[in-house]
1. Might you let me know whether the stretch 192-200 holds any residue that is at pLDDT 90 or above, crowded, with 18+ Cβ neighbours inside 10 Å and not in a loop (DSSP other than H, G, I, E, B)?
2. Among the listed residues T103, T70, T131, which satisfies the condition of being open to solvent by 30 Å² or more (accessible area, probe 1.4 Å) and either on the phi > 0 side of the Ramachandran plot or modelled with pLDDT of 95 or more (or both)?
3. Please find, among R12, R21, the residue that is open to solvent by 10 Å² or more (accessible area, probe 1.4 Å), touching an Asp or Glu at 6+ places or on another chain (Cβ under 7 Å), at pLDDT below 95 and closer than 22 Å to Y101 by Cβ.
4. Of the residues V47, V65, V80, V92, which single one is under 22 Å from A27 (Cα atoms), in contact (Cβ under 8 Å) with a residue 24 or more places away in the chain and touching a helix residue (DSSP H, G or I) at 6+ places or on another chain (Cβ under 9 Å)?
5. Would you mind stating whether D171 is within 23 Å of T70 (Cα to Cα) and of a type outside the set (A, V, I, L, M)?
6. Given the structure, is A126 loosely packed, with under 14 Cβ neighbours inside 10 Å, more than 18 Å from V46 (Cβ to Cβ), under 17 Å from the mean Cα position of the chain (by Cα) and without any contact (Cβ under 8 Å) to a residue 60 or more places away in the chain?
7. For S154, which of the numbered conditions (1) in contact with a Lys or Arg (Cβ under 8 Å, 6 or more places away or on another chain); (2) assigned to a helix (DSSP H, G or I); (3) not hydrophobic (A, V, I, L, M, F, W, C) fails to hold?
Amino acid sequence: MPIRSLNTAKSRLLTDSDALRSQIALAFFLDTIAALEGSAAVDRIVVVSGDETIRRCVRRRCEIVADGETGLAAAIDLGVAQLQKVRHMGPVAVVLPDLPYATSGAFDALFLAAHEHKRAFLIDSAGEGTTCATATSADMMVHRFGPNSARAHSDAGLAALDLRVPELRADVDVLDDLDHRQSLRLGVETHKVLNRWPLRV
């Protein structure tokens, strides 16, 4: 899981202060991590970040790789290289850190479905982006995150997973996303932040 410095993460969240935006970004990340930790399919979690707060929050829960903030693709490559370095055997996934509705059960379903494909990806709820990409091994990982990543992943030969897991498709880029997804349950950390800082959406 790659995550930018909290000073710059989730820049499209137009909040009343940078402090609130950073707290929301951290909460999204922690809720995504918690859902992964509860998945029976997850053996290890590698976080790629140069942010000291991020590192402090998960250093006893995840493997951490330092990131020079040179971009998302480079951060993902660092995480994949770490798995190759430790000779990780078995499937791998790239999961973006802004899934505050994620649940362990949804990840279980995702990884089970991904076993049917050499490489696969999950399209976000908007239909243009990608929230997760999977591969049967670190050596097989191909990623094309960025603008119009759903099309880019499809063009690169990844299979689009036809799976009803709205919790994992609901990434949050703008505050209106939170208002439009009230049928889903927010993670504990995000719920705490929103209770402390009521938002206008």
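The values are calculated or read from the model by the stated rules, or taken from the named source; none is laboratory data. What you see is a predicted model, and the numbers here were worked out from it, not measured in a lab. Virtual Cβ from ideal backbone geometry, glycine too; neighbours counted across all protein chains shown. Accessible surface areas use protein heavy atoms only, side chains included; no ligands, DNA or RNA. Shrake-Rupley method; radii C 1.70, N 1.55, O 1.52, S 1.80 Å.
1. no
2. Every option except T103 fails the conditions.
3. Matching residue, one of R12, R21: R12.
4. V47
5. Spelling it out, D171 is indeed within 23 Å of T70 (Cα to Cα) and of a type outside the set (A, V, I, L, M).
6. Numbers: loosely packed, with under 14 Cβ neighbours inside 10 Å: yes; more than 18 Å from V46 (Cβ to Cβ): yes; under 17 Å from the mean Cα position of the chain (by Cα): yes; without any contact (Cβ under 8 Å) to a residue 60 or more places away in the chain: yes.
Spelling it out, A126 is indeed loosely packed, with under 14 Cβ neighbours inside 10 Å, more than 18 Å from V46 (Cβ to Cβ), under 17 Å from the mean Cα position of the chain (by Cα) and without any contact (Cβ under 8 Å) to a residue 60 or more places away in the chain.
7. (1)
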